[in-house]
Amino acid sequence: MNGFSILMFIFSFSILIVGLYMFMGHKLDILTMRAAYQNLTKEEWKNIGKWTMISSIIPLILAIVGLFLEI
């Protein structure tokens, strides 16, 4: 499970970085190709980034606990 915790930590940390990037107000080109995301304002990108960061914190905490407990 230690290897899985390391992979989950890397994945969660990368999603946290993407959420932080969106929270700063930047647009992601891969998302702006979809029609639903083309006309979003800067505040809407910040809201999406905030919830992306919040949702990535849960697996990040689980990965850290798994690393320390070495389950």
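The values are calculated or read from the model by the stated rules, or taken from the named source; none is laboratory data. Keep in mind that this is a model prediction, so the values were computed, not measured. In this analysis, Cβ positions are derived from the backbone assuming ideal geometry, glycine residues included, and neighbour counts consider all displayed protein chains.
Residues satisfying the criterion are absent from the range 4-20 (criterion: surrounded by fewer than 13 Cβ atoms within 10 Å (Cβ to Cβ) and not in a helix (DSSP H, G or I)). For the range 35-67, the set of residues classified as more than 16 Å from the chain's Cα centre (by Cα) and polar (S, T, N, Q) consists of Q38, N39, T41, listed by residue number.
Please find, within the range 27-52, the residue that is modelled with the lowest pLDDT out of those that are touching a helix residue (DSSP H, G or I) at 6+ places or on another chain (Cβ under 8 Å) and charged (D, E, K, R). In this case the residue turns out to be K27. Just the residues that are small (G, A, S), closer than 23 Å to Y21 by Cα and surrounded by 15 or more Cβ atoms within 10 Å (Cβ to Cβ), please, taken from the range 45-71. Scanning the range 45-71 gives G49, S56, A63.
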